[in-house]
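Q: One structure coming up, written as structure tokens, with questions to follow.
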Amino acid sequence: AAPAAAAQGERGDWEFGPFVGYGFLDDYGPIHPDNDWLFGARVGYFFTPVWSLEGSYQQFRTNTDFEEETEDLDARLSSTRLNALYTFMPGKTIRPFVAAGIGRETFGVSGMGHTTDLGLNAGGGVRLFLTDHFGLRFDARYVSVNAGGGINERQANFEGAFGALWTFGGGPA
């Protein structure tokens, strides 16, 4: 018999979850932000057991490590994203997925202003359902941003995240 959790993630279900992770940022020109922790939340909707769409918001706060002998400053990267997810092994307790999407990436340094640019991301992960409505989620993403604000070069950032998930809604009983 399949576990009760196998019914979640069906057509019409919603998924909500907070997450924490670690980000590896590119140079952003001479700014050199440090790798550091990130946190955020996401909400998604299952159109079918394999296709879902989710929105997410995350904050990444760090410090700079300028090339010159300049005092390091606080830096922040905020991301608002919309992603499509394709889930493998629907109805199972462990469900790998791939994801891709677009987002608004805002990078700022104290006293130097900020820039907001379009970011493209792709990655994957796995959902691990522990109960009917609760589980854990692991994600890894590659994010490409053509940063403006005097930087004007493509940045390649990597992120890994771990979070909780709750599902609720219109799936079959």
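Q: Check whether at least one residue in the range 85-102 is open to solvent by 50 Å² or more (accessible area, probe 1.4 Å) and closer than 24 Å to D34 by Cβ, and report yes or no.
A: No, the range 85-102 has no match at all.
Q: Continuing with this model, one more query. Quick check on my filter: what residues within the range 104-126 are closer than 27 Å to V50 by Cα and either touching a residue at least 40 places away in the same chain (Cβ under 8 Å) or of a type in the set (K, R) (or both)?
A: R104, G119, N121
Q: Looking at the range 23-62, which of its residues are outside any strand (DSSP E or B) and either farther than 16 Å from V143 by Cβ or in contact with a helix residue (DSSP H, G or I) (Cβ under 6 Å, 6 or more places away or on another chain) (or both)? Spell out how you get there, then give the answer.
A: Within the range 23-62, the first condition is being outside any strand (DSSP E or B), and the residues that meet it are 25-32, 34-35, 47-50.
Scanning the range 23-62 gives G29, P30, I31, H32, D34, F47, T48, P49, V50.
Q: Output the number of residues of the range 127-143 satisfying the condition of being within 18 Å of L85 (Cα to Cα) and either surrounded by fewer than 17 Cβ atoms within 10 Å (Cβ to Cβ) or in contact (Cβ under 8 Å) with a residue 60 or more places away in the chain (or both).
A: Here is the first cut: in the range 127-143, the residues within 18 Å of L85 (Cα to Cα) are 127-129, 135-143.
Now narrow it down to the ones that are either surrounded by fewer than 17 Cβ atoms within 10 Å (Cβ to Cβ) or in contact (Cβ under 8 Å) with a residue 60 or more places away in the chain (or both): 127-129, 135-140, 142-143.
Looking only at that region, the number is 11.
Q: For the range 96-128, name all the residues that are modelled with pLDDT under 95 and either hydroxyl-bearing (S, T, Y) or more than 15 Å from the chain's Cα centre (by Cα) (or both).
A: Result: T106, F107, G108, V109, S110, G111, M112, G113, H114, T115, T116, D117.
Q: Conditions: (1) in contact with a Gly (Cβ under 9 Å, 6 or more places away or on another chain); (2) open to solvent by 20 Å² or more (accessible area, probe 1.4 Å); (3) modelled with pLDDT of 95 or more. E54 meets all but one. Number of the miss?
A: (2)
Q: Can you tell me how many residues in the range 10-21 are under 12 Å from L53 (Cα atoms) and at pLDDT below 90?
A: 1
The values are calculated or read from the model by the stated rules, or taken from the named source; none is laboratory data. Keep in mind the model is a prediction, meaning the values are calculated, not measured. All Cβ positions, glycine included, derive from the backbone under ideal geometry; neighbour counts span all protein chains shown. Note: areas computed on protein heavy atoms with side chains; ligands, DNA, RNA excluded. Shrake-Rupley method; radii C 1.70, N 1.55, O 1.52, S 1.80 Å.
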